Amino acid sequence: MSSIKQHLSNVVAAAINQATGLEDSNANVITASKPEFGDYQANGVMAIAKQQKANPRELAGRVIEHIDCEGDALIDKIEIAGPGFINIHLSPSALLDAANAAISDPELLVAKTMSPEKIVVDYSSPNLAKEMHVGHLRGTIIGDSLVRILERLGHQVVRQNHVGDWGTQFGMLIAYMQELSADESALNAGLSDLEDFYRAAKDRFDSDPAFADTARKCVVKLQSGDPEFLAAWERFIDESLKHCEALYDKLGVSLSRDDLDAESRYNDDLPRVIAELEAKNLLTESEGARCVFLDEFKGKEGDPLPLIVEKSDGGFLYSTTDLAAVRLRVKDKVDRSLYVVDARQSLHFQQVFAVARAAGFADNGISLEHIAYGTMMGKDGRPFKTRSGDIVKLIDLLDEGVRRAHAIVSEKNPALSEEERQLVAQRVGIAAVKYADLSKNRTSDYVFDWSTMLSFEGNTAPYLLYAYARIRSILRKAPDNATINHIVQIGAEEERALMLKTLQLPEVLEAVARDCYPNQLCNYLYELSGLFMRFYEACPILKADEETMNSRLALCNLTAETLHTGLGLLGIETLEQM
Ligand code: ARG
């Protein structure tokens with residue numbers, strides 16, 4: 001079954017087609033903005049009337065003549081409101097049937113897409129010269145959630161961790177490894193903290209010209225494929241990846257070594273990229289560097305803005321690698337390539353995409369999308385740092401979340417054993433950090449604030465996890481002979497509203513898969529929990545007569561499953577008790 005919204009969009013679009021002859025018109029169906037407007041409203045008629053120079057209300061009247069309410073099980077009645085809105089009320093019995101079908105369907109009626117696509121999701125992608133820091137959090141978890149949702153909808157998802165593992169910094173790191181290599185244990189100790197290791201190497205590089213010279217020679221050796229230097233580089237990369245993996249593990253992110261799409265992979269391809277750009281007459285030399293100038297990119301003064309693809313010393317750049325990667329993705333018949341990367345790289349991606357199109361590396365068969373995200377800020381309104389102004393390591397941030405959650409759970413629920421508290425703290429601490437991020441519109445910057453994200457009130461992970469645990473506890477308290485798999489009544493308005501909400505999961509996922517805003521799923525789960533709380537206050541469950549109790553327990557069950565699935569798609573694990 002397609003989602004309710006999709007079904008209604010199809011029905012209204014078909015009616016518009018019959019009334020006007022227009023094909024593929026946008027019925028613009030949304031969930032009703034107020035209860036008195038029904039369950040859904042179609043707002044598309046106004047725009048079409050304008051286009052056709054028709055009276056919108058009159059057009060809406062002609063459109064609804066073509067909607068067969070009798071024949072459509074889902075639609076109860078339709079009304080025209082205001083200047084030409086079409087308000088749609090759904091049939092209670094059809095809603096009941098759908099809810100019961102959802103209860104017995106492990107997929108909760110989330111259908112696999114009819115048009116599966118091959119989708120590359122390029123996410124996390126840290127620079128391996130250093131440790132992962134807070135700046136990598138957003139890309140990692142937004143990407144993880146998108147991957148889960150796209151897969152759930154039946155797309156073929158290719159995870160790609162486009163790690164930065166190549167370039168001049170590695171010459172410096174190898175040179176420093178060689179300095180320490182006389183003492184294996186000192187080298188091991190050094191590599192155990194890559195942040196310190198990088199800093200120490202950089203200090204050497206900046207203060208000692210002889211070392212800097214060695215470092216430069218190391219790059220050349222490495223790039224010419226010298227086995228000794230390659231081995232040192234591999235050792236460093238392996239260490240660095242282990243750090244990333246420890247983090248992915250803590251975060252519950254599924255990236256593994258199989259998903260690597262490292263920059264180094266494209267090394268041999270780069271001269272070919274340049275040659276093809278050259279053959280297409282796209283290259284211009286500017287101050288010794290080779291650049292592509294496209295008319296659409298201008299600087300502040302209207303001066304032409306280049307995409308530099310080869311430096312004057314013959315070195316290639318980040319952009320060259322990205323062009324090579326686009327080329328490969330097109331060869332691999334990818335339909336969509338999503339780049340979950342910091343918004344500060346927007347210009348880079350616009351240029352890479354445009355050059356890839358101009359050079360014919362990418363054709364219309366591939367959609368290239370920068371899934372940009374804003375910066376995580378401190379309370380001072382600047383990018384999040386430690387008090388002393390240092391970059392915060394991601395691992396430290398997560399550990400602090402768990403510590404804080406432990407203190408809170410110990411205070412709120414002292415009856416739990418230490419072991420249970422640890423589990424709760426682990427889940428809640430990580431969930432709080434992830435959810436605080438995922439629930440914000442990804443394109444905006446946001447302020448990282450422990451007390452808000454760990455609060456049990458508002459749109460937070462603790463609130464949602466608590467709502468879930470509470471429902472589970474109601475279900476545990478049900479008498480042994482209770483049945484929890486059949487809803488028979490939706491007498492109360494609160495029951496109906498909750499049930500309809502549970503049925504909207506498929507359309508929310510469709511929207512996230514299309515637009516890549518996981519905060520839409522967060523908002524949905526928050527609203528769902530709110531509707532549950534309203535239902536719980538208004539409708540007795542365990543104290544009701546048997547039939548009502550069973551029916552309401554079944555609604556609780558459906559709500560719990562929906563929350564569990566939705567949170568799971570955000571990469572958040574639920575708890576049976578908190
Ligand atoms: N390693 C880059 C960085 O740390 C991000 C790579 C994103 N992916 C890409 N295909 N450019 O900024």
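Nearest 20 debye, what's the magnitude of the dipole of the stretch 352-508 about its Cα centre given +1 on Lys and Arg Cβ and -1 on Asp and Glu Cβ?
For the stretch 352-508, the charge dipole is close to 140 debye.
Taking all protein chains as present, what is the carbon and sulfur share of the accessible area of the stretch 432-578, in % to the nearest whole number, probe 1.4 Å?
About 47 percent, which is the carbon plus sulfur part of the accessible surface.
Where Lys and Arg each count +1 and Asp and Glu each count -1, what net charge lies around ALA492 among other residues with Cβ under 15 Å from its Cβ?
In short, -1.
Of the accessible area of the stretch 195-306, with the probe set at 1.4 angstrom, what percent is carbon plus sulfur? Please report the intermediate quantities before stating the final value.
Details: 3130 of 6460 Å².
Carbon and sulfur atoms account for 48 percent of the accessible area of the stretch 195-306.
Evaluate the charge dipole of the chain about its Cα centre and quote only its size in Debye, nearest 20, assuming +1 on the Cβ of each Lys and Arg and -1 on the Cβ of each Asp and Glu.
Dipole of the chain, to the nearest 20 debye: 840 debye.
Determine the dipole magnitude for the stretch 132-241: charges of +1 sit on the beta-carbon of Lys and Arg, -1 on that of Asp and Glu, nothing else is charged, the reference point is the Cα centre, and the result goes in debye to the nearest 20.
620 debye
Farthest toward the dipole's positive end in the stretch 382-459, which of VAL392, GLY458, TYR446, given Cβ charges of +1 (Lys, Arg) and -1 (Asp, Glu) about the Cα centre?
My answer, from the dipole projection, is TYR446.
I'd like to check one number: the per residue accessible area of the stretch 1-134, probe 1.4 Å, reported in Å² as a whole number.
Dividing the accessible area of the stretch 1-134 by its residue count gives 48 Å².
Using a ≥ b ≥ c from the Cα gyration tensor of the stretch 338-459 (square roots of the eigenvalues), is it rounded, prolate or oblate, where a/c under 1.5 gives rounded and otherwise the larger of a/b and b/c decides, a/b for prolate?
Details: a/c = 3.23, a/b = 2.31, b/c = 1.39.
Because a/c hits 1.5 or more and a/b exceeds b/c, the stretch 338-459 counts as prolate.
For a label point 7 Å from the Cα of LYS300 along Cα→C-beta, name the residues of the stretch 328-350 whose backbone N is under 20 Å from it.
344-348
Can you spot the aspartates and glutamates whose alpha carbon is less than 12 Å from LYS217's alpha carbon? Ignore those fewer than 8 places along the same chain.
The qualifying aspartates and glutamates are ASP226.
How do 11-17, 374-380 rank on mean C-beta neighbours within 10 Å, highest first?
11-17, 374-380
Listed highest first by mean packing, meaning other Cβ atoms within 10 Å per residue, what order do 36-47, 401-412 come in?
Descending packing order for the listed peptides: 36-47, 401-412.
In nm, to one decimal, how far is the ARG235 label point from the GLU546 one, both placed 7 Å along Cα→Cβ?
7.4 nm
Starting from the 7 Å offset along Cα-to-Cβ, what nm value, one decimal, do you get for the label separation of THR168 and SER473?
Calculated label separation equals 6.0 nm.
Can you figure out the FRET efficiency of LYS77 with SER451, using R₀ = 51 Å and their beta-carbon distance, to the nearest 0.05?
Efficiency computed from Cβ-Cβ geometry: 0.60.
Report the antiparallel proportion of the DSSP beta bridges in the chain as a percent, rounded to a multiple of 5. Present the calculation step by step, with values, prior to reporting the outcome.
Details: 24 of 44 bridges.
Bridges in the chain are about 55 percent antiparallel.
Give me the extension gain from GLU493 to HIS89: residue separation times 0.36 nm, minus the current Cα-Cα distance, reported in nm with one decimal.
On the way: separation 404, 0.36 × 404 = 145.44 nm, distance 1.37 nm.
Once the chain is fully extended between GLU493 and HIS89, it gains 144.1 nm.
Treating cross-link reach as a plain straight distance, find the lysines whose alpha-carbon is under 19 Å from the alpha-carbon of LYS250, omitting any fewer than eight places away in the same chain.
Answer for LYS250, where 19 Å is the Cα cut-off: LYS130, LYS242, LYS393, LYS434, listed by chain and number.
Can you give the FRET efficiency for ASP213 and LYS331, using 1/(1 + (r/R0)^6), R0 = 30 Å, r = Cβ-Cβ distance, to the nearest 0.05?
It comes to 0.15.
Under 26 Å from the Cα of LYS5, which lysines turn up, not counting those fewer than eight places away in the same chain?
LYS34, LYS50, LYS77, LYS112, LYS118, LYS440, LYS501
Using 0.36 nm per residue, how much length does the chain from ARG257 to ARG387 gain when fully extended, once their Cα-Cα distance is taken away?
Here the answer is 43.4 nm.
Pop the C-beta distance of SER346 and GLU195 into the FRET formula with R0 = 30 Å and round what comes out to the nearest 0.05.
Step by step, r from the Cβ atoms, then E = 0.65.
Highest mean first, how do 261-270, 220-229 rank when packing is the count of other Cβ atoms within 10 Å averaged over residues?
261-270, 220-229
Percent of accessible area on the stretch 1-133 owned by carbon and sulfur, 1.4 Å probe?
Result for the stretch 1-133: 50 percent of the exposed heavy-atom area is carbon or sulfur.
The values are calculated or read from the model by the stated rules, or taken from the named source; none is laboratory data. Everything numeric here is computed off the predicted structure, so don't read it as measured data. Quick reminder, even Gly has a Cβ in these numbers, built from the backbone with ideal geometry, and neighbours come from all protein chains shown. SASA here: full protein model, heavy atoms, side chains in, ligands and nucleic acids out. Shrake-Rupley method; radii C 1.70, N 1.55, O 1.52, S 1.80 Å.
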